[in-house]
Amino acid sequence: MPASYAYLGPEGTFTEAALRTLPEAATRELIPYVSVQSALDAVRVGDAEAAFVPIENSVEGGITTTLDELVAGAPLMIYREVLLSITFALLVRPGTELSDIKTVSAHPAAQPQVRNWLRNNLPDAQWESAASNADAARLVQEGQYDAAFAGEFAAALYGLEALETGIHDAENAQTRFVLVGRPARPAAPSGADKTSVVLWQRDDHPGGLRDLLGEFATRGINLMLLQSRPTGAGIGNYCFCIDAEGHISDRRVSEALMGLKRICLEVRFLGSYPRADIKPGDAEQPHLGTSDEAFVSAADWVARCQDGRF
């Protein structure tokens, strides 16, 4: 397997900036790809060891392109996550004034994060989506658009100037990125982990989603992401992407997954990996009766009952 990481490029994306915060990135060749799909496909076909892609932001929620790619195709697993605080700069060709801007471009996920600023400062500018924010900067360099919303650090790469900086509609906006590789044994639990899965219902019936969520709730497992995505099988056919607290080696999590496997048409395990938002020592303790010790004690009690030793 090549010692390389694929990432959503070109150079100068927030994805690259987040990737470079990983210590192991210094020992890998970092290869930009034009889309999330192509970066993940590079892992599937063996051209890259792993891919680093955005999966969620604090303004709009899940990045649907990434979620859909993880739902479909050959299975992949998440091994790491990184949180990056996001503020945008308005990048323009040298000499451009705000009044000159008729077209602006960025990745679609950027639009909800700058919508109010755009309405207040460039109400007549036409929005054009790009494959990434850095690609939007490249297109501005080539003269296709007047301005791009991107990281300020991308300006020098593309010979642009930051006309405005610190642009964001929501304070403390963050984007979550994940390192994705081929399926293998998950890393050992860190003490502050999350587990990601995709669930397909057997049929559409009243209380169907409640049944799925009940497998987590009865075991005291908090959900951190719940997003429905169309399966492509017709209107009303959805699967559910879920991030849950805990590691697959935790008894409460493994038993929840077993319960889901029994009642779901399909369950796709996307990995158990350390959380980026807290340190292991700051993780909440399991709810009463949901620790591994509680499950072991309950199983021992059932065994004693079966043996007549109660």
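The values are calculated or read from the model by the stated rules, or taken from the named source; none is laboratory data. Computed from a predicted model, the values in this text were never measured in an experiment. All Cβ positions, glycine included, derive from the backbone under ideal geometry; neighbour counts span all protein chains shown. These accessible areas exclude ligands, DNA and RNA; they are computed on the full protein's heavy atoms, side chains included. Shrake-Rupley method; radii C 1.70, N 1.55, O 1.52, S 1.80 Å.
The single condition from (1) within 18 Å of Val36 (Cα to Cα); (2) among the small types (Gly, Ala, Ser); (3) without any contact (Cβ under 8 Å) to a residue 12 or more places away in the chain that Ala131 fails is (3). Please verify whether segment 241-260 includes one or more residues that are at positive phi and either crowded, with 17+ Cβ neighbours inside 10 Å or assigned to a strand (DSSP E or B) (or both). Yes, segment 241-260 contains a residue that is at positive phi and either crowded, with 17+ Cβ neighbours inside 10 Å or assigned to a strand (DSSP E or B) (or both).
Considering segment 1-23, the residues that are open to solvent by 40 Å² or more (accessible area, probe 1.4 Å) and charged (D, E, K, R) include one that is farthest from Asp135 (Cα to Cα), namely Arg20.
Of the residues in segment 147-163, at least one is open to solvent by 50 Å² or more (accessible area, probe 1.4 Å) and under 18 Å from Leu83 (Cβ atoms). Restricting segment 261-272 to residues that are aliphatic (A, V, I, L, M) and open to solvent by 60 Å² or more (accessible area, probe 1.4 Å), the residue that is farthest from Asn237 (Cα to Cα) is Ile263. Of all residues in segment 292-310 being modelled with pLDDT of 90 or more and outside any helix (DSSP H, G or I), which is nearest to Asp250 (Cα to Cα)? Going through the qualifying residues, I end up with Asp307.
Kindly check whether there is at least one residue in segment 255-270 that is free of Cβ contacts under 8 Å to residues at least 12 places away in the same chain and hydrophobic (A, V, I, L, M, F, W, C). Looking for residues that are free of Cβ contacts under 8 Å to residues at least 12 places away in the same chain and hydrophobic (A, V, I, L, M, F, W, C), one finds at least one in segment 255-270, hence yes.
Quick check on Pro10: is it in a loop (DSSP other than H, G, I, E, B) and under 17 Å from Arg182 (Cα atoms)? Judged against the criteria, Pro10 is not a match.
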